[in-house]
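The values are calculated or read from the model by the stated rules, or taken from the named source; none is laboratory data. These figures come from a predicted structure and were not determined experimentally. Cβ placement follows ideal geometry from the backbone for every residue including glycine, while neighbour counts extend to all protein chains displayed.
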Amino acid sequence: MKAPCRLALAVTLLLFTSGEAVAAAGGRDEGRAALDKARAAYRAAGAFRETLEATLEFPDGRKEPRVQEYGVSQTGGAFFTLSSNGKMVFRIVARDGRMVGTQINVDGRYAEVPFQGDFAAALRRMGGAQAQLGPPPAVVARLGGDLAAFLDALRFGVLAPLEVVGVRRTEAGDGAALVEVELQAANGQLIVGLDPATDRLREARVTLGDGKQQVRFSGPYRFTPGDPGDALAWPDLAGRTAMQTFAELETAAYPLGQLAPDVILRTMDGGTLRLASLRGSVVVLDFWATWCVPCWTALTHTSELAAWARSSGLPVKVFSVDTLEEVSGPEEQSRRVTGFLRSRKLDLPVLLDDEGKAFAAFHKPGLPSLVIVGKDGKLARYYSGVLEDMTATVRKEVLELAAAPAEPGREER
């Protein structure tokens, strides 16, 4: 079963908020100096492995465990894994000039890019902006990253550029001394706790979003010196096809060319819409949820696409499909979506997916994701995550599909 919120959410939301801002006793320079000491500590750490164990808290009250594990060998090889609810979501091994990544439920393919010692650069090529995939700060520092690279890694692939606000000395939950550094981003807040004895990371706490749509994550770091051992072994690639990015892995596995499921979705005014009734038009469906942080970015592009489609005069329909919400019923889902759109100042047509039935019928495409249905009613295009140039890319695809003649004698369902 594919994880419901795309690799982007699974990887990048290893974040949390305590609901309290750090009462910074020190200023920005002191905070940057503390983080630079952490970077230097990892740079000099030799071989190690580190684990970040935390609980992801969604706006609807759900809580899910997330475990990141990563490490570096004496010779500069590195690994990075993510597990969710006890199941490994992805595994990345980088050494000997190669970075290889495997992902859950994609057995026949793997991702591979060159690796020349810069883990963050190789991971950007493998994950890209589309996956919003961020490298572990400890690995970046150990392999020679400077303070700017360390700060960039602390964004976890989803926070906007960070600015150090301040620092203070306090106590961790176990009573041990802790140095807390507060960082602000345009879309949230990060507080990292540093161990004053080792200067390494002890915990991370972040707020993403505002109001009722905040996503939270908290968790401690556990550092273990020594060679990572079998964690750096190559995965079994026998019979698999190499691709470059995680997004390509998922796209290749999506059943393009099949007839789209004939689902019935609710409209915001209480009516219903049957997908089959849109035959003859190109239909763009953006699957999202109010609690899915990467979806917030994708929705801004979908809003632009919807405005373009309305003014184009072409047979094109664009909808955002709200799904996988933990609500008591349709009325609550509608209220939640209305409040969300108002808070984000978004204007776009929304369809409501009761109990995730349409999401399941569309082969669980993940969140966020775009599925484009051709005029013939077949699944024509699929995009996982957040495209860097989403509006331009999807508009080009839609124009090509809108110009294509409908298949003669197509079979109606």
If I go through region 218-253 residue by residue, how many of them are more than 13 Å from Ile92 (Cα to Cα) and at pLDDT below 90?
8
Can you confirm whether Arg109 is of a type in the set (Lys, Arg), closer than 14 Å to Gln244 by Cα, touching a residue at least 40 places away in the same chain (Cβ under 8 Å) and touching a Lys or Arg at 6+ places or on another chain (Cβ under 7 Å)?
yes
Any chance you could count how many residues in region 310-344 are small (Gly, Ala, Ser) and either buried (at least 22 other Cβ atoms within 10 Å of the Cβ) or touching a Leu at 6+ places or on another chain (Cβ under 6 Å) (or both)?
1
Pair list, Cβ < 6 Å and 6+ apart or interchain, from region 248-260 residues that are more than 19 Å from Gly374 (Cβ to Cβ) to residues that are hydroxyl-bearing (Ser, Thr, Tyr)
Glu250/Ser384
For region 188-226 the number of residues that are in contact with a helix residue (DSSP H, G or I) (Cβ under 9 Å, 6 or more places away or on another chain), farther than 19 Å from Gly26 by Cα and either among the aliphatic types (A, V, I, L, M) or free of Cβ contacts under 8 Å to residues at least 40 places away in the same chain (or both) is 2
From the residues in region 210-259 that are part of a loop (DSSP other than H, G, I, E, B) and in contact with a Pro (Cβ under 8 Å, 6 or more places away or on another chain), which one is nearest to Val113 (Cα to Cα)?
Tyr254
For region 281-292, how many residues meet the condition of being modelled with pLDDT of 95 or more and not hydrophobic (A, V, I, L, M, F, W, C)?
2
For Asp269, which of the numbered conditions (1) modelled with pLDDT of 95 or more; (2) outside the structural domain of Gly127 (by TED's automatic domain parsing) fails to hold?
(1)
Quick test of your reading of the structure: Ala392 fulfils all but one of (1) of a type in the set (A, V, I, L, M); (2) within 30 Å of Pro59 (Cα to Cα); (3) modelled with pLDDT of 90 or more. Name the failing condition by number.
(2)
Pairs returned, first residue in region 162-179 that is free of Cβ contacts under 8 Å to residues at least 40 places away in the same chain, second residue that is small (Gly, Ala, Ser) and surrounded by 12 or more Cβ atoms within 10 Å (Cβ to Cβ), beta-carbon separation under 6 angstrom, 6 or more apart or interchain, are Leu162/Ala185; Leu178/Ala172; Leu178/Gly193
Here the residues within region 268-321 that are assigned to a strand (DSSP E or B) and not hydrophobic (A, V, I, L, M, F, W, C) are Thr272, Arg274, Asp286, Lys317, Ser320
Only one residue in Gly117, Gly157 is of a type in the set (Gly, Ala, Ser), assigned to a loop (DSSP other than H, G, I, E, B), at pLDDT 95 or above and over 25 Å from Ala197 (Cα atoms), so which one is that?
Gly117
Within the bounds of region 298-321, is there any residue that is within 18 Å of Phe58 (Cβ to Cβ) and among the aromatic types (Phe, Trp, Tyr)?
no
Cβ-Cβ under 8 Å, sequence separation 6+ or interchain: first residue in region 300-313 and of a type in the set (Asp, Glu), partner surrounded by fewer than 21 Cβ atoms within 10 Å (Cβ to Cβ). Which pairs?
Glu304/Thr391
